[in-house]
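K.L.:
Before I ask anything, let me first share the structure, which is written out below as structure tokens.
The values are calculated or read from the model by the stated rules, or taken from the named source; none is laboratory data. Nothing here was measured: the structure is a model prediction, and the numbers come from that model. Cβ placement follows ideal geometry from the backbone for every residue including glycine, while neighbour counts extend to all protein chains displayed. Accessible surface areas use protein heavy atoms only, side chains included; no ligands, DNA or RNA. Shrake-Rupley method; radii C 1.70, N 1.55, O 1.52, S 1.80 Å.
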Amino acid sequence: AIIFIDNDNRVKLWNRGAEMLFGWTAEEMLNSRFRRLIPPELDIDKELQSIRKEVYSKGHVRHYQTQRMTKSGKRLTVNLSRTLIKGEDGEPIGSAAIVQDMTDKIEMDKHIYHTEKLASIGILAAGVAHEINNPLAIILGFTDLLKEQFKAGSSEFEDLKTIEENANHAKMIVENLLGFARVSEGLEDVVYVNGALDTVLNIVKNTLMTKKIDMVTDIQPELPPVRGDAREFQQVIFNLINNSTAAMSGDGGTLTISAEADEDWVHVRVKDNGTGIPEEIKAHIFDPFFTTKKVGQGTGLGLSLCYGIVHKYGGRMSFTSVAAKDHPDQPSGTTFTVSMPVEHAGGSSKGDDS
């Protein structure tokens, strides 16, 4: 976008690029003030005065990154350069601005950063898991030797059994952690849903207990296999559970995990009785990097990535939610549904055309 603004901050030139970028036509913008492009959550006067001061003192502003707003209300991250323009008498008559939309580039940079961070966390988790496995192996080995010195049923033998059981439980958690840390390229074709859900639920149950969240399961036994990669499927469910846990933080709650087969589909539902999703943000829930969490509280795998994983294998992802903010007279909560096509013998699936 190329824009010329006079000394009174009124638009005098609004090119075709500006029309395409911001949505306002030249007729709508000419002689109007530039401030309508600035989102209301920013300090408009401070923003304009800061830019104006630098332009009129230095003669230009280079690569100033800020937020601007389109006619439809969409927020853009832009790179703004502005140069002072003088008349024949040498006095300033305004400034020319070149505005470049950087939104997609910044989102891609964030995506790369999050991907690299997730990979680093996986490597760290694998290293920590191996370090924990070594002392666990020693504990289990010596416990087994000590058990041989006591009669079965004695108090010493029962104490050692307790140590052995808890060490094996810790070993199982470490093995599950290693499973998540392994690099998966999504090359598997089939997910056995019951086993995948068991793995995830075994990992999160202690966390849920600590946060006073009750977990209820209603999982149909012997569900048919579905298309997809087991580790990616686990990541999706794991992320949905984390989001539900965050929505119930502070007051406890109930998390319900259900799964059932319906003709050519398997439906997995993650339901909570948390605060719910307000109507105003429902349309953005699957947008890349959209979050209502504070910095540092995210999981590293956003709903947009979950959505992408599910759709990659011909699946569907949807949600229903009642927010306490919008409906204070109704029970609040959210249910996410992941529907995956059944993998039939021979590799055919009815979900291919979805």
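K.L.:
Could you pull out the trypsin sites (Lys or Arg not before Pro) across the range 200-265 that fall in loop regions by DSSP (anything but H, G, I, E, B) with no more than 12 other Cβ atoms inside 10 Å?
P.N.:
LYS212
K.L.:
Placing one identical point scatterer on every Cα of the chain and ignoring solvent, what is log10 I(q)/I(0) from the Debye formula at q = 0.07, 0.09, 0.11, 0.14 Å⁻¹?
P.N.:
-0.49, -0.72, -0.91, -1.16
K.L.:
With a 1.4 Å probe and all protein chains left in place, how much accessible area per residue does the range 205-279 have, in Å²?
P.N.:
That works out to 48 Å² per residue.
K.L.:
If you count only protein heavy atoms and use a 1.4 Å probe, how large is the accessible surface of TRP24, to the nearest 10 Å²?
P.N.:
Counting only protein heavy atoms, the figure is 30 Å².
K.L.:
Can you give the FRET efficiency to the nearest 0.05 for THR66 and GLU165, using r as the Cβ-Cβ distance and R₀ = 56 Å?
P.N.:
Once the sixth-power term is evaluated, E becomes 0.45.
K.L.:
Add +1 for every Lys or Arg and -1 for every Asp or Glu among the other residues with Cβ under 9 Å from the Cβ of THR143, and state the total. Let's see the in-between values first.
P.N.:
Numbers: positive: LYS147, LYS161; negative: ASP144, GLU164.
Value of the local net charge: 0.
K.L.:
OK, next. Relative contact order of the chain: what whole-number percent is it, with Cα pairs under 8 angstrom and at least 6 residues apart?
P.N.:
11
K.L.:
What spacing in nm lies between the two simple spin-label points modelled at LYS74 and GLU148, each 7 Å away from Cα in the Cβ direction?
P.N.:
Modelled inter-label distance: 7.2 nm.
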